[in-house]
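Asks: Before anything else, here's the structure in question.
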Amino acid sequence: MNSLGYVRSLIAAMAAVVSFGTPAQAISDTVVLAATPPKQLSEFGFFEDLQKQMPAPGVVPFRLATPLFSDGAEKFRFVYLPKGQAAKYDPVEAFDFPVGTALIKTFAFPADYRKAAEKLRLIETRVLLHHADGWQAWAYLWNDQQTDATLKIAGAKVAISTIGRNGMPLSFEYSVPNKNQCKACHAFNGKITPLGPKARNLNTDYAYAGGSENQIAHWAAASLLSGAPDLAEIPAAADWRDVTAPLDKRARTWLDVNCAHCHRAEGPASNTGLFLTYGEDVPVRYGVLKRPAAAGRGSGDREFDIVPGEPDRSILTYRVESTVPGVMMPELGRHIADAEAVKLLAEWIASLR
């Protein structure tokens, strides 16, 4: 079994245990709710084995149907809720998590993108902590020994050297976000909020030790989620790489996950008038024949965000395929282009009439 497969098997094995109340090692609620975060990731107690990303009892792994692209990083996601507490279901936005919740996400890069599950190097773990006065976002940088991660309030730069999917050497400088950059992406009506754990993103199966199961059903059965309706009534995001899914749904889901945290009425890019949430149903609002709010090098001398049938005349594809600071979108969280996503968006725009 490869290294990622081993990690995932361990996570799945733990998931069957942690979800249903087996006696747990002590996760420190005091540390989670402290005004000052700990210097070391290990001090939270979220993991039984940090390096293997094996969660402690009480910490549940999860995945998103379509994840945010972050230079092709592998990501391991977990949630911790205080004992006896549950998140409240929301059909559109992130679930309403109780005070004391922690959302944990680790980023790792392979030595070779063609063998993405092998020889993973853990780079950073981001932690969202729900306090009484709102969410707090912190980033932890992994040491070279891969034994622990240290708090980096000011962010950090990490040199990544790997092999690209084309077999050629690939090097870039990965950015661990600083405190303000965390706020920039996680802003909702001016407040920090989780982005990923929404009904449509979690309405997909996870390979638990006892077998594959829908995550929302699993959370509800484990008393981690309250108020969820029948699964048939819950929206489901597409896996954008699933070529059997409708092209429009795949493209709109990719834009929703990668862009709509800013490009929405409640987000920091609301002044652009470009709203890329999945539920937006007015074509001009999601870019069709919409002129940019400000012309400049970011537009690539193109007139409209989306020109139906003509991806090469659309600003959207120009910015998504760019790696130039000040031009590329998303502007944070990546340094290389997602070639598969660029192709998908071009095919989608070409299909529009």
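Asks: Can you tell me which residue is farthest from residue 59 (Cα to Cα) among those in region 227-245 that are open to solvent by 50 Å² or more (accessible area, probe 1.4 Å) and not hydrophobic (A, V, I, L, M, F, W, C)?
Replies: Start the filter on region 227-245 by keeping residues that are open to solvent by 50 Å² or more (accessible area, probe 1.4 Å), which leaves 227, 230-233, 235, 239, 241-244.
Checking the rest, the ones that are also not hydrophobic (A, V, I, L, M, F, W, C) come to 227, 230, 233, 235, 239, 241-242, 244.
Working: 227: 21, 230: 25, 233: 27, 235: 25, 239: 25, 241: 28, 242: 29, 244: 33 Å.
In this case the residue turns out to be 244.
Asks: Does residue 319 satisfy being part of a helix (DSSP H, G or I) and at negative phi?
Replies: Here the answer is yes, as residue 319 does meet what is asked.
Asks: Going by the structure shown, is residue 142 open to solvent by 10 Å² or more (accessible area, probe 1.4 Å), in contact (Cβ under 8 Å) with a residue 12 or more places away in the chain and touching an Asp or Glu at 6+ places or on another chain (Cβ under 7 Å)? Please lay out each step first, then the result.
Replies: Numbers: open to solvent by 10 Å² or more (accessible area, probe 1.4 Å): yes; in contact (Cβ under 8 Å) with a residue 12 or more places away in the chain: yes; touching an Asp or Glu at 6+ places or on another chain (Cβ under 7 Å): yes.
It is true that residue 142 is open to solvent by 10 Å² or more (accessible area, probe 1.4 Å), in contact (Cβ under 8 Å) with a residue 12 or more places away in the chain and touching an Asp or Glu at 6+ places or on another chain (Cβ under 7 Å).
Asks: Has region 24-40 got at least one residue that is of a type in the set (Asp, Glu) and either at pLDDT 95 or above or assigned to a loop (DSSP other than H, G, I, E, B) (or both)?
Replies: Step one: filter region 24-40 for residues of a type in the set (Asp, Glu), giving 29.
Okay, now just the ones that are also either at pLDDT 95 or above or assigned to a loop (DSSP other than H, G, I, E, B) (or both), so none.
Scanning region 24-40, I find no residue that is of a type in the set (Asp, Glu) and either at pLDDT 95 or above or assigned to a loop (DSSP other than H, G, I, E, B) (or both), so the answer is no.
Asks: Counting only residues that are assigned to a loop (DSSP other than H, G, I, E, B), open to solvent by 20 Å² or more (accessible area, probe 1.4 Å) and closer than 25 Å to residue 339 by Cα, how many does region 246-273 have?
Replies: 5
Asks: Here's something else I'd like to know. Which residue is most open to solvent (accessible area, probe 1.4 Å), if the candidates are limited to region 278-293 and must be in a loop (DSSP other than H, G, I, E, B) and either in contact (Cβ under 8 Å) with a residue 40 or more places away in the chain or more than 19 Å from residue 346 (Cα to Cα) (or both)?
Replies: Filtering first and then ranking leaves 281.
Asks: Looking at 92, 79 in this structure, which one is surrounded by fewer than 15 Cβ atoms within 10 Å (Cβ to Cβ) and under 18 Å from the mean Cα position of the chain (by Cα)?
Replies: On inspection, the qualifying residue turns out to be 92.
Asks: Condition first: on the phi > 0 side of the Ramachandran plot and either among the polar types (S, T, N, Q) or in a helix (DSSP H, G or I) (or both). Now tell me which residues in region 222-245 satisfy that.
Replies: Listed by number, the list holds a single entry, 223.
Asks: Would you tally the residues in region 244-273 being modelled with pLDDT of 95 or more and over 19 Å from the mean Cα position of the chain (by Cα)?
Replies: Result for region 244-273: 5.
Asks: Which members of region 95-109 meet the condition of being open to solvent by less than 10 Å² (accessible area, probe 1.4 Å) and not hydrophobic (A, V, I, L, M, F, W, C)?
Replies: 100, 101, 106 - these are the residues of region 95-109 that are open to solvent by less than 10 Å² (accessible area, probe 1.4 Å) and not hydrophobic (A, V, I, L, M, F, W, C).
Asks: Restricting to region 222-256, give me the number of residues that are touching a helix residue (DSSP H, G or I) at 6+ places or on another chain (Cβ under 7 Å) and within 25 Å of residue 80 (Cα to Cα).
Replies: The number of residues fulfilling the criteria is 7.
Asks: Among the residues of region 110-120, which ones are on the phi < 0 side of the Ramachandran plot and either under 15 Å from the mean Cα position of the chain (by Cα) or open to solvent by 10 Å² or more (accessible area, probe 1.4 Å) (or both)?
Replies: Those that are on the phi < 0 side of the Ramachandran plot and either under 15 Å from the mean Cα position of the chain (by Cα) or open to solvent by 10 Å² or more (accessible area, probe 1.4 Å) (or both): 111, 112, 113, 114, 115, 116, 117, 118, 120.
Asks: A follow-up question, please. Of everything in region 298-308, what is in a loop (DSSP other than H, G, I, E, B), open to solvent by 30 Å² or more (accessible area, probe 1.4 Å) and under 11 Å from residue 349 (Cβ atoms)? Give them in sequence order.
Replies: Listed by number, the list holds a single entry, 308.
The values are calculated or read from the model by the stated rules, or taken from the named source; none is laboratory data. Since this is a predicted model, take the numbers as computed values, not measurements. Ideal geometry is used to build each Cβ from the backbone, glycine not excepted, and the neighbour counts take in all protein chains shown. Areas reflect the complete protein model, heavy atoms only, side chains present, ligands, DNA and RNA absent. Shrake-Rupley method; radii C 1.70, N 1.55, O 1.52, S 1.80 Å.
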